[in-house]
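Below is one structure, written out as structure tokens, with a few remarks after it.
The values are calculated or read from the model by the stated rules, or taken from the named source; none is laboratory data. What you see is a predicted model, and the numbers here were worked out from it, not measured in a lab. Glycine also receives a Cβ, built like all others from the backbone with ideal geometry; neighbour counts cover every protein chain displayed. Only protein heavy atoms, including side chains, enter the accessible area calculation; ligands, DNA and RNA are left aside. Shrake-Rupley method; radii C 1.70, N 1.55, O 1.52, S 1.80 Å.
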Amino acid sequence: MAELNPKRWFLPDMPDVLGLLRAQLAVTTEGVEAFAGWASGQPKAAVEVREIEARGDVARRELLLALREAFVTPLEPEDLFMLSRGIDRILNGIGNLIVEAEVLQCTPDFGIAAIAKKLVEAVRELDQAIAGLVKSPDDATAAADRAIEVIRSLQGLYYEGMAGTIHLEVRGERIGRREVYRRSARIGETVVDVSERVIYAVVKES
């Protein structure tokens, strides 16, 4: 049996896990913004995304460590874990998209740039949602709903972009472009998953 630390009986640890979650999301927001730069024709932003990914991993580890040590948390640990995992997947999805685009020698087009801007908008709404989780649940839900609406609005860009690949004569370019569009759509789905988890957490706490 593990020996209990007597200090925990009298001095419960209360790390700012929600603050750490927002810090992780802030890093992911940087990554999404860098992705938007890459998508708009700034190839050097790909290097920036890789550096941001590494910082995102550190931010996630810090949160998970705090969860292990915390005696009391403002939300259920499961919700905090799932939110953190979703935020991590957004950033990893962006990194993977850029790597695959580079391997396939597929430069982003106008449609990918437009989708990237939508992702930036949605992730910023997600930050507002998480910021209000404890102090303003109604605002958290409203911001999460807005994030979902932004992602829904990108469906038209996705279908338009996929349709445009039909006119690409080079088979490899056509395949690469479609894969980049599919990956961008999956990132949007992850944003929706995180937003819905925010809404679920609010429902459970109410």
- [ ] Could you please find all residues in the range 154-178 being in contact (Cβ under 8 Å) with a residue 60 or more places away in the chain and within 15 Å of Ala116 (Cα to Cα)?
- [x] Arg177
- [ ] List every residue pair whose Cβ atoms lie under 9 Å apart, where the two residues are 6 or more positions apart in sequence or sit on different chains, the first residue falls within the range 87-107 and is at positive phi, and the second residue, located anywhere, is crowded, with 17+ Cβ neighbours inside 10 Å.
- [x] Gln105/Gly176
TODO: Name, by its number, the condition in (1) of a type in the set (A, V, I, L, M, F, W, C); (2) modelled with pLDDT under 95; (3) open to solvent by 30 Å² or more (accessible area, probe 1.4 Å); (4) under 23 Å from Thr73 (Cβ atoms) that does not hold for Leu133.
DONE: (3)
- [ ] Find all pairs meeting these conditions: Cβ atoms under 7 angstrom apart; at least six residues apart or on different chains; first residue within the range 44-59 and over 27 Å from Asp16 (Cα atoms); second residue outside any helix (DSSP H, G or I) and open to solvent by 10 Å² or more (accessible area, probe 1.4 Å).
- [x] none
TODO: Scan the range 108-158 for residues that are out of contact with any helix residue (DSSP H, G or I) (no Cβ under 9 Å at 6 or more places or on another chain) and assigned to a helix (DSSP H, G or I) and jot them down.
DONE: Gly156
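Would you pick out the residues in the range 151-178 that are closer than 18 Å to Ile98 by Cα and open to solvent by 40 Å² or more (accessible area, probe 1.4 Å)?
Of the residues in the range 151-178, the ones closer than 18 Å to Ile98 by Cα are 158, 161-162, 172-178.
Correct list: Tyr158, Gly172, Glu173, Arg174, Ile175, Arg178.
Return yes or no: is Ala101 at pLDDT below 95 and either surrounded by 21 or more Cβ atoms within 10 Å (Cβ to Cβ) or among the hydroxyl-bearing types (Ser, Thr, Tyr) (or both)? Let's see the steps before the verdict.
On the way: at pLDDT below 95: yes; either surrounded by 21 or more Cβ atoms within 10 Å (Cβ to Cβ) or among the hydroxyl-bearing types (Ser, Thr, Tyr) (or both): yes.
Answer is yes for this residue.
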